[in-house]
Amino acid sequence: MKRRPPKSASRTRRLPKCPTGIQGLDEITRGGLPRGRPTLVCGGAGCGKTLLAAEFLVHGAVRFGEPGVFMSFEETAAEITSNVASLGFDLADLVRRKKLALDHVYLERSEIHETGEYDLEGLFVRLNHAIDSIGAKRVVLDTLEALFAGLPNETILRAELRRLFRWLKDKGVTAVITAERGREQLTRHGLEEYVSDCVILLDHRVDDQIATRHLRVVKYRGALHGTNEFPFLIGDDGLSVSPISSLGLNHKAPSGRISTGIPRLDAMLGGRGFFRGSSILLTGTPGTGKTSVAACFAQAAAQRGDRVLFFSFEESPNQIIRNMRSIGLRLEPLVENRWLRFHAARPTLCGLELHLSTMFKEVTAFKPAVVIVDPITSLLVAGTDFETKGMVTRMLDFLKSRQITSLVTSLTHSGHALQQSESAMSSLMDAWLLLKDLDGNGERNRALYVLKARGMAHSNQIREFLISDRGIDLVDAYIGPSGVLTGASRVAQAARERAEALASQQDSAGRKRALARKREQLEQQIAGLRSDYEQEAGELRRIDEQVGTRTSVLTAERTELARLRQADAIKVAAPGPRKPVARGAR
Amino acid sequence: MKASTAKQPDSASRRRESKLWQLRLYVAGQTPKSVAAFSNLKAICESHLEGRYRIEVIDLVEHPQLSKGDQILAIPTLVRKLPEPVRKIIGDLSDTERVLVGLDLRSAD
């Protein structure tokens, strides 16, 4: 961005801006501080005013090619140099390369006697000289209010300050003026009266013994700006403001999948596990196996050749390794080969901001593909709800922008269906696994649901979750009229079903046998009937034969009789209408 | 009012020490305040430090880099370099009483 001369710039419609290079601040102010104008940065002691100012200059000199003058009224040049050296800024080098001028203005009231009219032309001359010597475009006056303590005549001072700000504008430098926070006004000595273009308020608040820094753009004349209070961190690489509401949602979405390390769970997640670069929330009551699932995931990832960074806020790394050995996970070799790295810290060690900046630093240094936070709820206690949500958003965003898969465990308390902070957090998450305790029949069993998994067909079924010395396995829970059965009840139910099946099997065999018997009986009956019939038929034949025999016998007898009577043989042989013989024979 | 007016002491008996007073007056250009300061200083020195003082006038417009050394902000500023300790008096030196107190001459009178 090429700089335009301030005179003409002030006439252009859009206010030209001067990027600070401070993470997040340029987003809030939509481009930076008003170019060629003074900006007032006020706040209480130790809230980072000097640092913000110093960073503004250093970034200007290093990244934007704008040399700067740092005029300090409190600390000496050597002090400032060593203070910001811890953030990786080498002021001495910048001074050598004529990119920066440090000037310490020292005022000791006891050494000064006032005798009549004076002005602050000396300050102007000094500042002018410093600006011209390196062609500075940026100026920091830290803390101008020291003048109020050093100079006795406030009337003159105020008049001179007014002249100073006017002069700075005419000079066309972008200035940052720091001031102490006042009791009833923004600054102790009402400097906001003179600097009306842009006012930034820094604040360091302690809520529940936890200190958090905030930044707010109170005023920005002629420009849109985020008006919220934004939390900010002072990390190892300087200041960073987290503008939650203005974060862009434009990370890449890789379609690669990674296994959870639990085959059945992969199956529940459309058969292939989580999306690479997604964020996964794992919630559960105490003792439901969150850490185990996380460790399983970590082991699978590390064995696959992904670097895994494991943030533990409850257990020491050794304890996790020992405990996971009991369920068949071997983490030590992975740690030794630097595939897996633990970072353990007590949540109460420091404020949320510091935790997060440490995490950022670790992630940047180790470059993991998978990050595990166990549990995030420990961090939630280190700040208020709103802050932590912001911070968690920021963390997830940070990880997502680097396409790092993150698995975050969260402790819920039994009784709460879904804790509020969880549901607030869950909207940020791509996948949500719920681990549950099922209580009944004098035992507790673990169960797992996939509550959500964006972008994949996932199972809606409950699975019983078994932890054995061979690792984690999921089995189908029994779902019947009496509800979901797990553990011993599930085993008992299965046994009962087997017994019932056996019984019915036996039953059908008996029935089959009975049927066979019946059929046999019937066949016997049929055979009996047939033999009866045959008997009768035989008899009938016999009768027939007897009848035949009798007829022939009768005929023979009749013939014999006729012969005996000596009847006409012929007449007998050919009977006519008169049968005296037959009548007589009867 | 170009630089140094120096007068060697001729009456060493005048007070506790006869050392040379080294005074430095910082101005920025020929402003009315600067001119007034110089003439006021001259008058005070003549009446109280006759012959034992040296005034050096530094114009910061010409030598801006010199403002750092004595930590000059206000103009005009009079710096008593010697005798030690260093004292600074700001303003046009019109309040003679205060100048004398500032230079630590009042109590001696």
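The values are calculated or read from the model by the stated rules, or taken from the named source; none is laboratory data. This structure is a prediction, so every number in the text was calculated from the model and none was measured. Every residue, glycine among them, receives a Cβ derived from its backbone with ideal geometry; neighbour counts consider all protein chains shown.
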statement: By residue number, the members of segment B:96-109 that are at the interface with chain A (Cβ under 9 Å from one of its Cβ atoms) and over 14 Å from the mean Cα position of the chain (by Cα) are B:Glu97
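Restricting to segment A:48-82, what's the tally of residues that are in a loop (DSSP other than H, G, I, E, B) and more than 30 Å from A:Arg109 (Cβ to Cβ)? Lay out the reasoning, then the answer.
Just the residues of segment A:48-82 that are in a loop (DSSP other than H, G, I, E, B), to begin with: A:48, A:64-67, A:73-76.
Of the ones still in play, those that are also more than 30 Å from A:Arg109 (Cβ to Cβ) are A:64-67.
So the answer is 4.
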field: Of the criteria (1) outside any strand (DSSP E or B); (2) modelled with pLDDT of 90 or more, which one A:Ser110 fails
entry: (2)
- prompt: Could you give every pair whose Cβ atoms fall below 7 Å, whose first residue belongs to segment B:81-95 and is more than 7 Å from chain A (Cβ to nearest Cβ), and whose second residue is assigned to a loop (DSSP other than H, G, I, E, B), counting only separations of at least 6 or pairs across chains?
  reply: B:Leu82/B:Lys19; B:Leu82/B:Leu20; B:Pro83/B:Lys19
query: Going by the structure shown, is A:Arg444 part of a strand (DSSP E or B), over 23 Å from the mean Cα position of the chain (by Cα) and not β-branched (Val, Ile, Thr)?
result: yes
Only listed residue being touching a helix residue (DSSP H, G or I) at 6+ places or on another chain (Cβ under 6 Å), farther than 23 Å from A:Asp26 by Cα, surrounded by 19 or more Cβ atoms within 10 Å (Cβ to Cβ) and within 11 Å of another protein chain (Cβ to nearest Cβ), chosen from A:His189, A:His129: A:His129
- prompt: If you check A:Thr178, A:Thr227, A:Thr212, which single one turns out to be modelled with pLDDT under 85, hydroxyl-bearing (Ser, Thr, Tyr), outside any helix (DSSP H, G or I) and surrounded by 16 or more Cβ atoms within 10 Å (Cβ to Cβ)?
  reply: A:Thr212
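Quick check on my filter: what residues within segment B:67-97 are surrounded by fewer than 18 Cβ atoms within 10 Å (Cβ to Cβ) and out of contact with any Gly (no Cβ under 8 Å at 6 or more places or on another chain)?
B:Lys68, B:Gly69, B:Asp70, B:Lys81, B:Leu82, B:Pro83, B:Glu84, B:Pro85, B:Val86, B:Thr96, B:Glu97 - these are the residues of segment B:67-97 that are surrounded by fewer than 18 Cβ atoms within 10 Å (Cβ to Cβ) and out of contact with any Gly (no Cβ under 8 Å at 6 or more places or on another chain).
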message: So for segment A:273-290 (the condition being assigned to a helix (DSSP H, G or I) and within 16 Å of the chain's Cα centre (by Cα)), does at least one residue qualify?
response: yes
Index of the failed condition, A:Ala45 passing every other in (1) within 17 Å of A:Thr178 (Cα to Cα); (2) among the small types (Gly, Ala, Ser); (3) assigned to a strand (DSSP E or B): (3)
- prompt: Of these, A:Gly88, A:Gly116, A:Gly122, which one is surrounded by 18 or more Cβ atoms within 10 Å (Cβ to Cβ) and modelled with pLDDT under 85?
  reply: A:Gly116
field: Subset of segment A:106-147 [polar (S, T, N, Q) and free of Cβ contacts under 8 Å to residues at least 24 places away in the same chain]
entry: A:Ser110, A:Thr115
